[in-house]
Amino acid sequence: MRRETFLPFARPSIDESTIEDVCESLRSGWITTGPKSIRFENAFRERIGTSYALAVNSATAGLHLAQLALGIGPGDEVITTPMTFVATLNTIVLAGARPVLVDIDPGTFNMDPGRLESAVTPKTKAIVPVHFAGLPVDLDPVSEVAQRHGLAVIEDCAHALGASYKGRAVGSDPGHVSVFSFHPTKNITTGEGGMVCTGLEEVAERVAILRQHGMSKGAWSRYAATGTPHYDVALPGLKYNMMDIQAAIGLGQLSRLDEFNARRASIVERYRSAFSGLDGLILPATPSYEHVHAWHIFTPLLDLDLLDLTRDGFMSLMREANIGTAYHYQAVHLFDFYRKTFGFRPGDFPNAERVSERIVSLPLFPAMTDSDVEDVIEAVTSIVKSHLQRGGKRA
Ligand SMILES: *Cc1c(COP(=O)(O)O)cnc(C)c1O
């Protein structure tokens, strides 16, 4: 069975009024950071329930700035997970620090907080938990370890907009620095973009300055009718600010976040019921603590003990059915740079490696129709069933 049209694994939903608002920015003559960026920050701050929300041009930029603002640099260690997008680790290295990894929980794919404390050394400065797929990390034990050792916590919330942990929005912890992504595959998009949230005033001030050359004042407060031209430079900064063109998209997207996430959750519910009891496919585990999942991606594991198929083989068969899938992620410690520079080797983080060999992301985006969802279910079921080894290696 092959679909007539290709179904991608992700696609943003951008409505006409948002497109009109982008055009309005383009026509207005003010296209970079300005009134819409400020409105987007305010709307985001209220949505998360945080004191400061600072718009940047990507989550990668936000993660980099968070570490610079916290004073993380050469000689420091930062603890994170091998099951993440490489930007999480790249920014640690770019800040000058050494990434230290702790293995994941094999069921939820999140950093296992039980392994955290043994990774702490006198050089440790921060922990970067990643809410994988939109499932909140068990933050209480993470915060406890951080407090006991005086460590900063930078939450990589790239997958987790709209998630909550024990009744609180992910990204709202006032003592943490939380970074969101608006890349086109994420729960909302600005094309490219990100947001840094925190309750720490000094960190927020430093992020605000470092995102625009270290200047005390942005272009909007210099060139607008009420602006003044002078500024000072406190620190050499970067160029990580968000444009109003992006913020216009973000405002339209944020107003639809609940609608988007509700659709994501209902698609996942359908997947879960269709795949429960399907031999050859292992569904992500649900932790017992109270949480709301943001369902950025839906990532079952292929049970390679029962199938005569690799994950990559499965992905090409899905492609033959005209359905896109994605790979989130290769365990980061096995990338060439990380092996060579930090001496990571296969076998270092067995849970992450095992998951990394088996994981696949199925199509999941709000504009998927019910019949798209059924096409995915039919293709997955038929591929998995026709590749079950008789008896299985396990039997
Ligand atoms: C997407 C992503 C990032 C980077 O986000 P950008 O906005 O593309 O820079 C960082 N961490 C994780 C876990 C991501 O999925």
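The values are calculated or read from the model by the stated rules, or taken from the named source; none is laboratory data. None of these values were measured; they are calculated from a predicted model. Glycine also receives a Cβ, built like all others from the backbone with ideal geometry; neighbour counts cover every protein chain displayed. Please note that ligands, DNA and RNA were not included when accessible areas were found on the heavy atoms of the full protein model with its side chains. Shrake-Rupley method; radii C 1.70, N 1.55, O 1.52, S 1.80 Å.
In table form, for the structure just shown:
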| item | result |
| --- | --- |
| Residue within the stretch 19-27 that is open to solvent by less than 50 Å² (accessible area, probe 1.4 Å), more than 18 Å from the chain's Cα centre (by Cα) and not hydrophobic (A, V, I, L, M, F, W, C) present | yes |
| Residue within the stretch 136-149 that is out of contact with any Lys or Arg (no Cβ under 9 Å at 6 or more places or on another chain), within 19 Å of residue 333 (Cα to Cα), of a type in the set (A, V, I, L, M) and within 15 Å of the ligand (Cβ to nearest atom) present | no |
| Failed condition for residue 186, given (1) touching a helix residue (DSSP H, G or I) at 6+ places or on another chain (Cβ under 6 Å); (2) basic (Lys, Arg); (3) within 16 Å of the ligand (Cβ to nearest atom) | (1) |
| Residue list for the stretch 41-98, restricted to those being within 15 Å of the ligand (Cβ to nearest atom), more than 24 Å from residue 133 (Cα to Cα) and assigned to a helix (DSSP H, G or I) | 94 |
| Listing of helices (runs of 4 or more DSSP H) fully contained in the stretch 213-316 that carry 3 or more residues being in contact with a strand residue (DSSP E or B) (Cβ under 9 Å, 6 or more places away or on another chain) | 244-254, 257-275 |
| First in the stretch 1-18 and assigned to a loop (DSSP other than H, G, I, E, B), second anywhere and of a type in the set (Asp, Glu) and open to solvent by less than 30 Å² (accessible area, probe 1.4 Å), Cβ under 6 Å, 6 or more apart | none |
| Scan of the stretch 150-183 for residues that are in a loop (DSSP other than H, G, I, E, B) and either within 16 Å of the ligand (Cβ to nearest atom) or touching a Cys at 6+ places or on another chain (Cβ under 6 Å) (or both), ordered by number | 157, 158, 159, 160, 161, 162, 163, 170, 171, 176, 182, 183 |
| From 331, 265, 294, 321, residue being small (Gly, Ala, Ser), at negative phi, within 16 Å of the ligand (Cβ to nearest atom) and out of contact with any Ser or Thr (no Cβ under 7 Å at 6 or more places or on another chain) | 294 |
| Where a residue in the stretch 189-211 is farther than 23 Å from residue 366 by Cβ and open to solvent by 30 Å² or more (accessible area, probe 1.4 Å) and its partner, wherever it lies, is within 11 Å of the ligand (Cβ to nearest atom) and not basic (Lys, Arg), with Cβ under 6 Å and at least six apart | 211/56; 211/240 |
| Scan of the stretch 71-86 for residues that are in contact with a helix residue (DSSP H, G or I) (Cβ under 6 Å, 6 or more places away or on another chain) and open to solvent by 10 Å² or more (accessible area, probe 1.4 Å), ordered by number | 86 |
| Extreme residue, surrounded by the fewest Cβ atoms within 10 Å (Cβ to Cβ), among residues of the stretch 166-188 that are polar (S, T, N, Q) and under 20 Å from residue 252 (Cα atoms) | 185 |
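Residue-by-condition table, conditions (1) open to solvent by 30 Å² or more (accessible area, probe 1.4 Å); (2) in contact with a helix residue (DSSP H, G or I) (Cβ under 9 Å, 6 or more places away or on another chain):
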{"residue": "277", "(1), (2)": "yes, no"}
{"residue": "296", "(1), (2)": "no, yes"}
{"residue": "300", "(1), (2)": "no, yes"}
{"residue": "303", "(1), (2)": "no, yes"}
{"residue": "318", "(1), (2)": "no, yes"}
{"residue": "324", "(1), (2)": "no, yes"}
{"residue": "334", "(1), (2)": "yes, yes"}
{"residue": "348", "(1), (2)": "yes, yes"}
